[in-house]
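A.B. asks: Quick one: the structure is below, questions incoming.
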Amino acid sequence: MELFQEFGARGHEQVTFCHKPEFGLKAIIAIHDTTLGPALGGCRMWQYDSEQEAIIDVLRLSRGMTYKAAVTGLELGGGKSVIIGDPQKDKSKEMWRAFGRFVEGLGGRYITAEDVGTSVHDMEIVRAETRHVTGISRMLGGSGDPSPVTARGVYVGIKAAAKFHQGRESLQGLKVAIQGLGHVGMHLADLLHHDGAELVVCDIHQEHVEEAVRRFSARPVGVDEIYSQNVDVFSPCALGAVVNDQTIDVLKCAIVAGAANNQLAIEKVHGPMLAERGILYAPDYVINAGGLINVFHEMKGYDEEAALDQADGIYDSLLSIFHVSKERDIPPHEASNHVAEERMQKARERRRDRLQNIYLHGAN
């Protein structure tokens, strides 16, 4: 991989490699864009098959955070970090404190939080080394696990998609296939079940599937069978790139709307493929923005009601994007990209004008 070429093609400002072998730390922090504010994004811990896979993942995820913040109207940039390792076996207090020192060394350009494979407790250890961390427990003045707010945003996003694509005013009887029953997926299942949706579920952890069957009368299927279920909504809530050449051919849904990041394996290829099949795609970084909204409110002094109210706004944001998509005859992911890029461009123009004014007239 030509690293600088890869970073430049994706528009990244900074990529930091963090290595402390004595503590088992192999991490990458990617800062994509800080036009709108400091780069905020969670820290993912995963047992990647290769270092190249980890690099590509952190680059894709951090770019998605930039667009997520921009389209949601937050004064934040986009960043992300990944730690290469098994989250069940390789964590230690020393590792997390070493990671925290690397975050602190970036001087506030990057703010971390929990993500796949990491937890509130992990972030509390990181906090011992840096103040540039969110998603800590409420006992320490934070907001706790952001998963319920992420799930709330996905829930209202599914309602928006069903309204736009199927004219539904109610989720009663809506058939939803949920891929992944982690923190977000299980909360989402609860919300959908409460509204009368019929659930099909899968997860690599059998105990999660059993819980969903018990609590929500969900129908369990194998992890490879979830794509071909005859449902209204396919909701990816695990890892990304699940909408690809192989899975699109077997999808039997009207809508793809879930919490996972980077659901389209290749955005410019698989977004149009979904549109050609008449499947409505809810852009992932719009529908799953509830977690980012939650930690943004934590930074300001946490108000749960305000965070939930803003997450509910994802409903209107998606409806607007769907209408732009229809009016311009472009896939929804392109419509949402345009909204985000227009906001960032306006911010760059304001910054340029401000600097030019300082140059011409002085700081006063």
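A.B. asks: State, to one decimal in nm², a quarter of the convex hull surface area for the C-alpha atoms of the stretch 152-261, i.e. the direction-averaged projected area. Mind dumping the intermediate values first?
C.D. replies: Working: hull surface 24.2 nm².
Computing the convex hull of the Cα atoms and averaging its projections yields 6.1 nm².
A.B. asks: For a quick check, take a GNM of the chain with Cα springs below 10 Å and name the residue from Arg354, Arg127, Arg63 with the largest mean-square fluctuation.
C.D. replies: Checking each option, the largest mean-square fluctuation is seen for Arg354.
A.B. asks: Next question. Charges on Cβ only, +1 for Lys and Arg, -1 for Asp and Glu, centred on the Cα centroid of the chain; of Gly271, Thr134, Ala241, which one is farthest towards the dipole's positive end?
C.D. replies: Most positive-ward Cα: Thr134.
A.B. asks: Give the cross-link partners of Lys252 among the aspartates and glutamates, using a straight C-alpha distance below 17 Å as the criterion and excluding same-chain residues fewer than 8 apart.
C.D. replies: By straight Cα distance, Lys252 reaches Glu198, Asp224, Glu225, Asp232, Glu276.
A.B. asks: Calculate the length of the line joining the C-alpha centroid of the stretch 120-144 to that of the stretch 243-297, in whole Å.
C.D. replies: 30
A.B. asks: Along the charge dipole of the chain, Cβ charges K/R +1 and D/E -1, which of Val209, Ala160, Phe17 sits furthest on the positive end?
C.D. replies: The residue sitting most towards the positive pole is Phe17.
A.B. asks: I want to verify a result. In a Gaussian network model of the chain, Cα cutoff 10 Å, which of these has the top mean-square fluctuation: Asn294, Asn261, Asn230?
C.D. replies: Most flexible of the set in this elastic network: Asn230.
A.B. asks: Right, something else. Would you mind telling me the share, in percent, of accessible area of the stretch 234-304 contributed by carbon and sulfur at probe 1.4 angstrom? Can you show the working numbers first?
C.D. replies: Working: 1230 of 2420 Å².
The nonpolar share, carbon plus sulfur, comes to 51 percent.
A.B. asks: Comparing Tyr227, Tyr302, Tyr285, which has the greatest mean-square fluctuation in the GNM of the chain with Cα pairs linked when under 10 Å apart?
C.D. replies: Among Tyr227, Tyr302, Tyr285, the largest mean-square fluctuation in the Gaussian network model of the chain belongs to Tyr302.
A.B. asks: Shape call for the stretch 5-140 from the C-alpha gyration tensor, a ≥ b ≥ c root eigenvalues: rounded (a/c under 1.5), prolate (a/b greater than b/c) or oblate? Don't skip to the end; give the middle numbers.
C.D. replies: Values: a/c = 1.73, a/b = 1.20, b/c = 1.45.
Oblate.
A.B. asks: Indicate the gyration tensor shape class of the stretch 267-363 (rounded, prolate or oblate), computed on the Cα atoms with a ≥ b ≥ c the square roots of the eigenvalues: a/c under 1.5 is rounded; otherwise a/b larger than b/c is prolate and the rest oblate.
C.D. replies: oblate
A.B. asks: Please say if the stretch 227-284 is rounded, prolate or oblate, where rounded means a/c under 1.5 for a ≥ b ≥ c the square roots of the C-alpha gyration tensor eigenvalues, and otherwise the choice is prolate for a/b larger than b/c and oblate otherwise? It would help to have the intermediate numbers written out before the result.
C.D. replies: Working: a/c = 1.38, a/b = 1.08, b/c = 1.29.
Since a/c stays below 1.5, the shape of the stretch 227-284 is classed as rounded.
A.B. asks: Follow-up question, since we're still on this one. In the stretch 1-156, how many lysine pairs have Cα atoms under 20 Å apart, counting only pairs 8 or more places apart or on different chains?
C.D. replies: Value for the stretch 1-156: 10.
A.B. asks: Ok, one more. Mind ranking 32-38, 153-159, 22-28 by how tightly packed they are, going by the mean number of other C-beta atoms within 10 angstrom, highest first? Present the calculation step by step, with values, prior to reporting the outcome.
C.D. replies: Numbers: 32-38: 20.6, 153-159: 27.7, 22-28: 18.0.
Taking the mean over residues of other Cβ atoms within 10 Å, the ranking is 153-159, 32-38, 22-28.
A.B. asks: Which whole number of Å³ per residue matches the convex hull of the alpha-carbon atoms in the chain? Intermediate results must be reported in sequence, preceding the final value.
C.D. replies: Numbers: hull volume 55.6 nm³, N = 364.
It is 153 Å³ per residue.
A.B. asks: Sticking with this one: If the only charges are +1 at each Lys and Arg Cβ and -1 at each Asp and Glu Cβ, what is the size of the charge dipole of the stretch 40-178 around the Cα centre, to the nearest 20 debye?
C.D. replies: Numbers: 19 positive and 16 negative charges, 114 e Å.
Dipole magnitude for the stretch 40-178 comes out near 540 debye.
A.B. asks: Under 5 Å between amide H atoms, partner at least 5 residues away or on a different chain: which partners does Arg44 have, H built in plane at 1.01 Å?
C.D. replies: Residues meeting the amide H criterion: Ser81, Val82, Ile83.
A.B. asks: What number comes out for the charge environment of Ala307, summing +1 per Lys or Arg and -1 per Asp or Glu over other residues with Cβ under 14 Å away? List each step's numbers first, then the result.
C.D. replies: Values: positive: Arg138, Arg152, Lys300; negative: Asp145, Glu298, Asp303, Glu304, Glu305, Asp309, Asp312.
Residues close to Ala307 contribute a combined charge of -4.
A.B. asks: Tell me, what ³J(HN,Hα) does each residue in the stretch 238-244 have, in order and in whole Hz, if you take phi through Karplus 6.51 cos²θ - 1.76 cosθ + 1.60 with θ = phi - 60° and put x for Gly and Pro?
C.D. replies: Whole-Hz 3J(HN,Hα) from phi for the stretch 238-244: 10, 8, x, 6, 8, 9, 9.
A.B. asks: Just to confirm, what accessible area per residue do you get for the chain at 1.4 Å probe, in whole Å²? Can you show the working numbers first?
C.D. replies: Values: 16460 Å² over 364 residues.
Ligands and nucleic acids excluded, the figure is 45 Å² per residue.
A.B. asks: Which value, in debye to the nearest 20, describes the size of the charge dipole of the stretch 173-239 about its Cα centre when Lys and Arg Cβ atoms bear +1, Asp and Glu Cβ atoms bear -1, and nothing else is charged? Let's see the in-between values first.
C.D. replies: Values: 4 positive and 10 negative charges, 20 e Å.
The calculated dipole for the stretch 173-239 is roughly 100 debye.
A.B. asks: Using r as the Cβ-Cβ distance of Glu349 and Glu22, and R0 as 41 Å, what FRET efficiency do you calculate, to the nearest 0.05?
C.D. replies: Details: r = 47 Å, r/R0 = 1.15.
Result of the calculation: an efficiency of 0.30.
A.B. asks: Tell me which aspartates and glutamates have Cα within less than 12 Å of Lys326's Cα, excluding those fewer than 8 residues away on the same chain?
C.D. replies: Counting by Cα, and skipping residues close in sequence, Lys326 has these aspartates and glutamates nearby: Glu334.
A.B. asks: Continuing with the same structure: For the stretch 69-139, what is the per residue volume of the convex hull drawn over the alpha-carbon atoms, in cubic angstrom? Please report the intermediate quantities before stating the final value.
C.D. replies: On the way: hull volume 7.5 nm³, N = 71.
Enclosed volume per residue, from the Cα hull, is 106 Å³.
A.B. asks: Let me ask another. Please state the charge dipole magnitude for the chain, taken about the Cα centre, from unit charges on C-beta atoms (+1 on K and R, -1 on D and E), reported in debye and rounded to the nearest 20. Could the numbers behind the result be given before it?
C.D. replies: Details: 38 positive and 50 negative charges, 173 e Å.
Here the size comes out at about 820 debye.
The values are calculated or read from the model by the stated rules, or taken from the named source; none is laboratory data. Predicted model, so just to flag it, every value in this text is computed and none were measured. Please note: Cβ atoms are built from the backbone with ideal geometry, for glycine as well, and neighbour counts cover all protein chains shown. Accessible surface areas use protein heavy atoms only, side chains included; no ligands, DNA or RNA. Shrake-Rupley method; radii C 1.70, N 1.55, O 1.52, S 1.80 Å.
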